[in-house]
1. Considering E314, E287, which residue is open to solvent by 10 Å² or more (accessible area, probe 1.4 Å) and in contact (Cβ under 8 Å) with a residue 40 or more places away in the chain?
2. What are the residues in the stretch 439-465 that are in a loop (DSSP other than H, G, I, E, B) and either among the small types (G, A, S) or under 25 Å from the mean Cα position of the chain (by Cα) (or both), if any?
3. Could you list, in sequence order, the residues of the stretch 290-311 that are open to solvent by less than 40 Å² (accessible area, probe 1.4 Å) and of a type in the set (A, V, I, L, M, F, W, C)?
4. Of everything in the stretch 394-421 that's in a loop (DSSP other than H, G, I, E, B) and charged (D, E, K, R), which residue is farthest from D507 (Cα to Cα)?
5. Tell me, please, whether a residue that is in contact with a helix residue (DSSP H, G or I) (Cβ under 9 Å, 6 or more places away or on another chain), open to solvent by 10 Å² or more (accessible area, probe 1.4 Å) and more than 24 Å from R329 (Cβ to Cβ) can be found in the stretch 417-431.
6. Exactly one of (1) in contact with a strand residue (DSSP E or B) (Cβ under 8 Å, 6 or more places away or on another chain); (2) crowded, with 20+ Cβ neighbours inside 10 Å; (3) within 28 Å of M387 (Cα to Cα) is unmet by G330. Its number?
7. Can you report the number of residues in the stretch 284-305 which are among the aliphatic types (A, V, I, L, M) and farther than 17 Å from Y259 by Cβ?
8. Go through the stretch 149-171 and report how many residues are outside any strand (DSSP E or B) and either open to solvent by 10 Å² or more (accessible area, probe 1.4 Å) or under 14 Å from N266 (Cβ atoms) (or both).
Amino acid sequence: MLLSKNPPPLISLLYTCSPTNNVGSKKDGALAPARSAADLSPLEWKFSQVFGERTAGEEVQEVDIISAIEFDRTGDHLATGDRGGRVVLFERTDTKDHGGHRRDLERMDYSISRHPEFRYKTEFQSHEPEFDYLKSLEIEEKINKIRWCQTANGALFLLSTNDKTIKFWKIQEKKVKKVCEMNVDASKSVENGAVGSLSASSKPSLANGVCKERPISSPSNDNSIPSGGLPSLHLPVVTSHETSLMARCRRVYAHAHDYHINSISNNSDGETFISADDLRINLWNLEISNQSFNIVDVKPTNMEDLTEVITSAEFHPTHCNMLAYSSSRGSIRLIDLRQSALCDTHSKLFEEREVPGSRSFFTEIIASISDIKFAKNGRQILSRDYMTLKLWDINMDSGPVATFQVHEYLRPKLCDLYENDSIFDKFECCLSGDGHRVATGSYSNQFRVFGCSEGSTEATTLEASKNPMRRQVQTPSRPSRSLGNLPRVLRRGADNSGADANGNSFDFTTKLLHLAWHPTENSLACAASNSLYMYYA
């Protein structure tokens with residue numbers, strides 16, 4: 001039984017229950033740069049685009065549900081993966097319409113008023129369903145993670161993974177060559193196999209296109225070609241009329257994980273990446289697919305002694321020797337690859353102390369970290385557990401510098417969430433490129449944006465729809481299935497809907513698990529079921 005499907009009992013959980021009346025709490029001692037008044041004012045989010053919007057009553061196929069989303073480093077390309085193993089690419093178009101780079105336009109005092117716009121670029125089948133005959137295990141094609149790699153020679157590169165196999169893809173434009181003109185004289189080449197009917201011309205022709213008009217002297221050995229050439233002998237003309245995007249799998253990294261892969265992350269050196277499952281983290285070289293190095297192994301000698309599993313891992317954005325990984329006990333470990341080949345010991349441990357008397361049956365479950373992200377400057381780490389977002393300073397391991405309540409109004413409903421398995425949902429998180437704001441998803445296709453600058457009180461709730469500021473959520477005609485991959489429990493008919501602190505209805509079955517922040521602008525991409533929504537501020 002895979003650990004992702006049957007997690008071990010967890011002990012010694014460190015958990016803190018933050019006050020419910022505060023959206024965010026910050027600790028003293030965190031070093032934060034000075035912020036302007038514009039950084040502290042809440043952003044006004046507006047709808048930009050939607051791809052794959054479903055109509056009222058439309059049934060969503062399971063394979064069409066988006067399971068991964070990622071911007072590239074420039075923000076000009078966006079990739080999504082779905083449960084059907086497909087990867088869909090989008091490219092930005094509004095910057096090309098201006099005919100110059102942003103910096104050049106600023107010099108010309110050109111005002112860019114248009115919001116970011118993307119268009120469909122291409123798609124390809126990344127993974128197919130497989131069957132492990134040795135373990136009698138089905139390997140589904142669902143894309144778990146996508147990570148962009150460095151571009152080269154105008155080609156795009158990315159990594160995609162399902163539960164077991166990682167693939168390295170190259171997407172490049174190639175010219176489509178076509179034979180546009182045969183340029184054959186049918187009247188003189190019928191006997192040579194040319195397609196066509198004999199011309200009505202009275203000039204007879206012989207084999208190999210020799211014309212009778214030219215006298216043939218039998219004793220002569222003149223094999224020279226006339227100055228005008230042979231009019232009936234022509235080669236096909238090949239031209240390139242258009243270009244087509246081609247996706248080619250360059251390498252396949254397989255057979256290195258016994259448990260489900262939950263994370264992949266590129267290194268800043270552009271040559272290596274890591275992949276993580278429940279118990280191990282492996283280091284790969286992009287050019288070598290048949291060998292990897294195990295750098296973290298938390299598997300005990302006796303599996304009964306297992307107390308925690310790895311839930312997420314990510315490389316530092318600038319230091320190629322540092323990476324962080326989170327655990328199901330709510331802790332984050334920072335490791336340095338220079339210390340040893342096998343990083344059994346961590347450089348720093350980030351965890352929050354448990355408040356005496358706050359432990360409950362659900363404490364261990366809701367403290368499990370589902371996602372971590374480094375800030376662009378590498379100074380902060382953002383983590384998401386079931387109820388909160390936490391911002392950590394890598395130079396302060398005493399506790400998080402800020403805690404944001406995502407959906408505190410659900411705390412009284414933890415029993416219902418446990419019975420319908422929603423408590424095992426894995427929400428992702430993201431940071432803005434300037435590090436001033438953080439975002440994560442919730443239920444009823446809502447997502448929340450918090451200001452993390454010093455003195456900011458921004459806490460915005462938006463809905464993945466064409467009217468993001470609408471708070472009242474309508475229950476869809478057909479709810480999508482739960483995306484949680486932790487163990488299934490008996491369903492006892494728990495109510496899937498209720499109301500938040502403002503009295504607005506919410507639905508456990510509609511959830512926004514995946515979202516990404518544009519690396520340089522205040523633009524968000526959110527995946528709600530099979531639809532991709534884009535917003536800007």
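The values are calculated or read from the model by the stated rules, or taken from the named source; none is laboratory data. The model shown is predicted, which means the values in this text are computed figures rather than measured ones. All Cβ positions, even for glycine, are placed from backbone atoms using ideal geometry, and neighbour counts span all protein chains on display. All accessible areas refer to the heavy atoms of the entire protein, side chains included, with ligands and DNA or RNA removed. Shrake-Rupley method; radii C 1.70, N 1.55, O 1.52, S 1.80 Å.
1. On the way: E287 fails: in contact (Cβ under 8 Å) with a residue 40 or more places away in the chain.
None of the other options fit; the residue is E314.
2. Initially, the stretch 439-465 is screened for residues in a loop (DSSP other than H, G, I, E, B), giving 442, 444-445, 452-458, 464-465.
Answer for the stretch 439-465, where residues must be in a loop (DSSP other than H, G, I, E, B) and either among the small types (G, A, S) or under 25 Å from the mean Cα position of the chain (by Cα) (or both): S442, S444, N445, C452, S453, G455, S456, A464, S465.
3. Within the stretch 290-311, I295, V296, L306, V309, I310 meet the criteria.
4. So the first thing to find is which residues in the stretch 394-421 are in a loop (DSSP other than H, G, I, E, B), and the list is 394-401, 406-407, 420-421.
Filter once more, so that each one left must be charged (D, E, K, R): 397, 421.
On the way: D397: 37, D421: 13 Å.
The extreme case among them is D397.
5. no
6. (1)
7. Qualifying residue count for the region: 2.
8. So in the stretch 149-171, the residues outside any strand (DSSP E or B) come out as 149-151, 153-154, 162-165.
With the extra rule that they be either open to solvent by 10 Å² or more (accessible area, probe 1.4 Å) or under 14 Å from N266 (Cβ atoms) (or both), the set shrinks to 149-151, 153-154, 163-165.
Qualifying residue count, the stretch 149-171: 8.
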